[in-house]
Structure formats: structure tokens, C-alpha cells
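K.L.:
Have a look at this one.
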Amino acid sequence: MNVRTGSEALKPSYIAHFVIRTSRFAQTLQWYKDVLDAREVYHQPGLCFLTFDEEHHRVAIAEEAGLRDFDETVAGIDHIALTMKSIVELADFYERAKAKDILPFWCINHGPTTSLYYKDPNGSRIEFQCDQVSYPGGAAAFFESDEFARNPLGIEFDPEALFSRVRNGEAPELILARADSLPR
């Protein structure tokens, strides 16, 4: 058997799924079904698998009594991020979630992405984003820019104002530009 090393080492193809443990099973299940527009592929009391694409399951919800909500003072994964294909899809997602009273707690243009952050019923965080750079290596180049060095987090935005620009047909490259990137 040949063992691969260095740049030849085997790497995962993609992230397959994430699992949410919760004491609020019904509420959490409904939230993820709503926010992801997901369908159930398996359900029994206290356990459900969901998918929103061709993968057999992207999310598992597992009930466990007595769990505390997400605590930002404990080390661990901060959030997961899911990418929409375009700013138009991100705007459509925002409107669909808003219609179900699911609103982001933080909206920020990071530079490489425009991002909406949400909290599920347990306080766990999930980011929905669209890429801003369409050419290979563009996001990595942004990390090396003076702009990123000045402001590595990004510029917060009002989603109503930003997405009204999308609905009015403004050019995506203008909508996606960080405010500190615009010509002065």
C-alpha cells in the first residue's frame, strides 16, 4: 500500500453534514426546515435527518434532555457558513427567512463575502453568504490586501437597504463592494 504524503495527501471532498443536539427538538427541527427550506429524509421521535440538495442528509437534529443553550464563553466551533450562488439568491433567502420571522443578528460585508448571520433556537450560529469575487484566487488575494489589513472583519450593512438595491436592478459589483472599497 502506498501512503500519500505532503501535497498528495488525501483530503475530504466536501463537508457532508452537521449535527445539532438540542433539548428543543420540535422548535429546532422546524427552524432548520424553515431556514434551509429542507425536507425530512428520516424521522423518528428525537431524531431527524434533513437535506436541501442532492446529499442524503445535510443536517441531523438529535434530542437530548437537559442541554444548555450555546454559550459564547466556551471554546468550540463558532458557526458554519453556507454559500448562496449570488447576491440575488442571498436576497431571496433573506426575504424567505424574514417571511417566517427569522431575522439575522449580524449583516456584514467581509470583503470576500456578503454575509448574514442567524441564531437557531439554541443560540447556535449559522452564516449565509454569497461570494464577492468570481475569479480563482480572488478571495485569497483580498486577504493579502491593505484593505483587509485595515479592516479584517468588514463593514456592517442594513439588509433592507442592501437588498432593495438588488430588487431595483443595481449592478452586483456595486452592491457587493465594501463601503471602504468604493472610490472616494
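K.L.:
If I ask for residues that are at pLDDT 80 or above, among the acidic types (Asp, Glu) and assigned to a helix (DSSP H, G or I), which ones from segment 161-184 would you list?
P.N.:
Within segment 161-184, 173 is the sole residue that qualifies.
K.L.:
Go through segment 159-174 and count every residue that is closer than 20 Å to residue 96 by Cβ and charged (D, E, K, R).
P.N.:
Summing the residues that are closer than 20 Å to residue 96 by Cβ and charged (D, E, K, R) in segment 159-174 gives 3.
K.L.:
Quick check on residue 43: is it touching a residue at least 24 places away in the same chain (Cβ under 8 Å) and either not hydroxyl-bearing (Ser, Thr, Tyr) or not in a loop (DSSP other than H, G, I, E, B) (or both)?
P.N.:
So residue 43 fails the test.
K.L.:
If I ask for residues that are assigned to a helix (DSSP H, G or I), open to solvent by 30 Å² or more (accessible area, probe 1.4 Å) and farther than 19 Å from residue 40 by Cβ, which ones from segment 72-104 would you list?
P.N.:
Hits for segment 72-104 are 88, 89, 92, 95, 98, 99.
K.L.:
Here are some residues: 131, 120. Which one is of a type outside the set (S, T, N, Q), within 13 Å of the chain's Cα centre (by Cα) and farther than 28 Å from residue 30 by Cβ? It would help to see each step written out before you state the result.
P.N.:
Working: 120 fails: farther than 28 Å from residue 30 by Cβ.
Only one candidate qualifies: 131.
K.L.:
Of everything in segment 25-48, what is open to solvent by 50 Å² or more (accessible area, probe 1.4 Å) and within 21 Å of residue 81 (Cβ to Cβ)? Give them in sequence order.
P.N.:
Hits for segment 25-48 are 33, 37.
K.L.:
Open to solvent by 40 Å² or more (accessible area, probe 1.4 Å), acidic (Asp, Glu) and touching a Phe, Trp or Tyr at 6+ places or on another chain (Cβ under 9 Å): does that describe residue 173?
P.N.:
The answer is no for residue 173.
K.L.:
Here is a follow-up. Conditions: (1) surrounded by 13 or more Cβ atoms within 10 Å (Cβ to Cβ); (2) in a loop (DSSP other than H, G, I, E, B); (3) in contact (Cβ under 8 Å) with a residue 40 or more places away in the chain. Residue 153 meets all but one. Number of the miss?
P.N.:
Status for residue 153: all satisfied but (1).
K.L.:
Give the residue that is farthest from residue 114 (Cα to Cα), with candidates limited to residues of segment 156-171 that are out of contact with any strand residue (DSSP E or B) (no Cβ under 6 Å at 6 or more places or on another chain) and touching a residue at least 24 places away in the same chain (Cβ under 8 Å).
P.N.:
Among them, the one singled out is 167.
K.L.:
Here is a list of conditions, (1) open to solvent by 30 Å² or more (accessible area, probe 1.4 Å); (2) among the charged types (D, E, K, R); (3) outside any loop (DSSP other than H, G, I, E, B), and residue 69 meets all of them except one; can you say which number that is?
P.N.:
(3)
K.L.:
Which ones in segment 105-120 are under 14 Å from residue 36 (Cα atoms) and surrounded by fewer than 18 Cβ atoms within 10 Å (Cβ to Cβ)?
P.N.:
Hit for segment 105-120 is 117, nothing else.
K.L.:
Could you count how many residues in segment 121-141 are surrounded by fewer than 18 Cβ atoms within 10 Å (Cβ to Cβ), assigned to a strand (DSSP E or B) and among the aliphatic types (A, V, I, L, M)?
P.N.:
0
The values are calculated or read from the model by the stated rules, or taken from the named source; none is laboratory data. The shown structure was predicted, so the numbers you read here are calculated from the model rather than taken from an experiment. Cβ atoms come from the backbone with ideal geometry, glycine included; neighbour counts cover every protein chain shown. Note: areas computed on protein heavy atoms with side chains; ligands, DNA, RNA excluded. Shrake-Rupley method; radii C 1.70, N 1.55, O 1.52, S 1.80 Å.
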